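Colleague: Before we start, here is the structure in question, set down as structure tokens.
The values are calculated or read from the model by the stated rules, or taken from the named source; none is laboratory data. Bear in mind that the values here come from a model prediction, so they are computed numbers and not experimental data. No Cβ is skipped: glycine too gets one built from the backbone with ideal geometry, and neighbour counts run over all protein chains shown.
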Amino acid sequence: MGEDRLITVAIYTYEKAQIVKSLLESEGIPVVIQNVNLIQPVISSGVRVRIKETDLPHALTILEDHNSLFETAVARKPGKDAGRQHIVIPVDFSDYSCKACSIGFDIAHKTGATVTVLHTYVIPYLPDAIPITDTFIGKEEIDEFKSIKENAHRQMGEFFDKLKSAIAAGQLPDVNFECSVKEGIPEDEIRIISRRNAPSLIVMGTRGKGRKESELIGSVTAEVIDSARVPILAVPEDTHVSRCSDVKRLAFVTNFDQGELVAIDTFMRLFGEFDFEVVLVNFLSDKADRISEIQMQYLERYFVKHYPTRKCTCRFIETKDILRGVNDFIKDEKIDVLSMTTRRRSIFARLFNPGIAHRMIFHSDTPLLVIPARNK
């Protein structure tokens, strides 16, 4: 094993996996791709790009330098709802998907947004233990793939009926929504629909904090937060928030970045119709210095000027452990939703130094609104 041990550096569709393979091999890194449908490779998804463990640092550097190759740039198509706010809600038909729909529909109703309920499914190809040269897709496998597709569409049809029944019963507000089923890797399909439809918000349900750590490394929600260019609202299944009317205190975490003014306007546009108090909070390892105090005063004045009817308070929280400090703050201040900005980070950072937003998904039952900072 040792130096020759293969590890998965990325999971892509077949087309992207081929690009990565060619790129890495041109730099002298041997690559194996697995989970390919040899009969119809073009429809493959969940394709693993595997390299020697000793080649990982070099490979990550190459992928980071060519990061733009893996961005899906799809222009928004103008339509009858052009200019109208649009919310995307990825679902897997679980209870936490239902909670995400409850909050997403509530926001859509208040903001006049349309909603796309999205489900993605992945065809399960042969396990890594079977060499790719031994892979053969026969009639039984093709029938199984067809059954998986039909089952995904059937489940979405049942979920659509469930949503319509909830609307008829007054359990959900009546909003303009559609359902969409896509075959592919969930985070990739969410990014594609995000770029095509330019939604104002993506609402995603997440597992309870006691069960998340048993999931695959790199949950879909965490992956989407790492790369999305639109706001993401992560809704834990055990949160007490069922509708936005439940939100009484919303905290905005500030580091006094210039882009945060735009982020404040974004979350007020999304939640401004609801009645809640805003807490501007800065977490720091030592006591606040004079510059930080001035920056907080400026941010508070900006908020009061632009949102004079909204109650706003400011907090400095001194803590050596940022995650514990955030969780204690949420509990002590009775925070219902936590909001923060996030900047696009390198592949190295995403793998080895997950940000506070990523960590909060796995360690909190408080809904998390993540607003990507604008790139200059």
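Colleague: Check whether at least one residue in region 75-88 is over 30 Å from G205 (Cα atoms) and either modelled with pLDDT under 75 or crowded, with 20+ Cβ neighbours inside 10 Å (or both), and report yes or no.
Modeller: So far as region 75-88 goes, no, none of its residues is over 30 Å from G205 (Cα atoms) and either modelled with pLDDT under 75 or crowded, with 20+ Cβ neighbours inside 10 Å (or both).
Colleague: Tell me yes or no: at least one residue of region 124-146 is modelled with pLDDT under 90 and either closer than 24 Å to R196 by Cα or in contact with a Lys or Arg (Cβ under 6 Å, 6 or more places away or on another chain) (or both).
Modeller: No, there is no match, as no residue in region 124-146 is modelled with pLDDT under 90 and either closer than 24 Å to R196 by Cα or in contact with a Lys or Arg (Cβ under 6 Å, 6 or more places away or on another chain) (or both).
Colleague: Something else about it: Could you grab me the full set of residues in region 232-275 that are touching a Lys or Arg at 6+ places or on another chain (Cβ under 6 Å) and either without any contact (Cβ under 8 Å) to a residue 24 or more places away in the chain or under 16 Å from T111 (Cα atoms) (or both)?
Modeller: The one that is touching a Lys or Arg at 6+ places or on another chain (Cβ under 6 Å) and either without any contact (Cβ under 8 Å) to a residue 24 or more places away in the chain or under 16 Å from T111 (Cα atoms) (or both): E273.
Colleague: Take the residues of region 261-271 that are of a type in the set (A, V, I, L, M, F, W, C) and buried (at least 17 other Cβ atoms within 10 Å of the Cβ): which is nearest to D246 (Cα to Cα)?
Modeller: Of everything passing the filter in region 261-271, F271 is nearest to D246 (Cα to Cα).
Colleague: Select from region 154-170 the residues that are closer than 22 Å to C244 by Cβ, touching a Ser or Thr at 6+ places or on another chain (Cβ under 9 Å) and touching a residue at least 12 places away in the same chain (Cβ under 8 Å) and list them in ascending order.
Modeller: Within region 154-170, F159 is the sole residue that qualifies.
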